[in-house]
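Have a look at the structure below before the remarks.
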Amino acid sequence: MEVNVAPCHSLKTRCQVLDVQFSPFEWSSSLLAVAFPASVAVYSVAAKEEGDGIEECTLLKEWHVASEPICLAWSPSATLRANPKCLQLSVATAANSVMEITSDLCDSDVIQDILSHKDFVNSISYNGETGNLVASSGDDLTARVWSSGTRSQIAKFLLTSPGKHV
């Protein structure tokens with residue numbers, strides 16, 4: 001049985017969408033990250049008026065990346081409520097690497113390669129509400145954990161099959 005439900009909101013894009021992630025944290029839940037073939041964009045999603053139900057998406061920042069993004073993960077450090085504002089997320093790429101993108105929405109944009117797998121990266125995730133650790137898993141039969149502060153790998157787990165989720 002096929003069920004068709006019309007979307008309550010749509011966002012026009014100029015190219016294929018590869019991944020979409022809302023920030024899972026209460027203080028940044030209005031942030032939406034979208035991976036395109038050559039860039040990563042962050043939108044702010046907000047209701048236009050109380051009770052209206054119609055949402056408005058505003059592009060906050062877009063970064064062009066050298067390798068196609070595969071999956072995204074929000075850092076708990078991301079917030080628009082603090083001063084300075086902070087956008088921070090990790091991106092797994094088709095180059096089998098994980099990069100971290102950080103921006104204050106003003107002067108500072110930093111894109112850093114963190115680590116590489118030997119094959120496709122399937123999943124990335126920050127730990128809890130601190131975000132001091134990031135894990136990734138991939139087709140190279142490894143799950144890797146690295147420090148987001150020092151940007152160094154602190155653990156590598158050998159898997160018996162490709163890692164699909166962390």
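Read-outs throughout are calculated quantities, based only on the coordinates presented, and are distinct from any laboratory measurement. Since the model is a prediction, treat every value here as computed from it, not as a measurement. With ideal geometry, Cβ positions are generated from the backbone for all residues, glycine too; neighbour counts draw on all protein chains shown.
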Only four residue types carry charge here, +1 at the Cβ of Lys and Arg and -1 at the Cβ of Asp and Glu. Report the dipole size of the chain about the Cα centre in Debye, rounded to the nearest 20.
440
Once both labels are modelled 7 Å past Cα along the beta-carbon direction, what's the Glu129-Val110 spacing in nm?
2.4
Note down the relative contact order for the chain as a percent, whole number, built from C-alpha pairs under 8 angstrom at least six residues apart.
13
Could you tell me which of Ile70, Ala46, Leu158 has its Cα farthest along the dipole of region 19-158 towards the positive end, charges placed at Cβ (Lys, Arg +1; Asp, Glu -1), taken about the Cα centre?
Leu158
Relative intensity, log₁₀ I(q)/I(0), of region 19-158 from a Debye sum that treats every alpha carbon as a point, q = 0.10, 0.15 Å⁻¹:
-0.33, -0.71
Residues of type aspartates and glutamates that Lys118 reaches as a straight line, Cα spacing below 19 Å, ignoring anything fewer than 8 places off in the same chain
Glu68, Glu100, Asp139, Asp140
What FRET efficiency would be calculated for the residue pair Trp27, Glu2, taking the C-beta separation as r and a Förster radius of 35 Å, to the nearest 0.05?
0.35
Could you name the lysines in cross-link range of Lys61, using Cα to Cα under 17 Å and dropping any fewer than eight places away on the same chain?
Lys12, Lys85
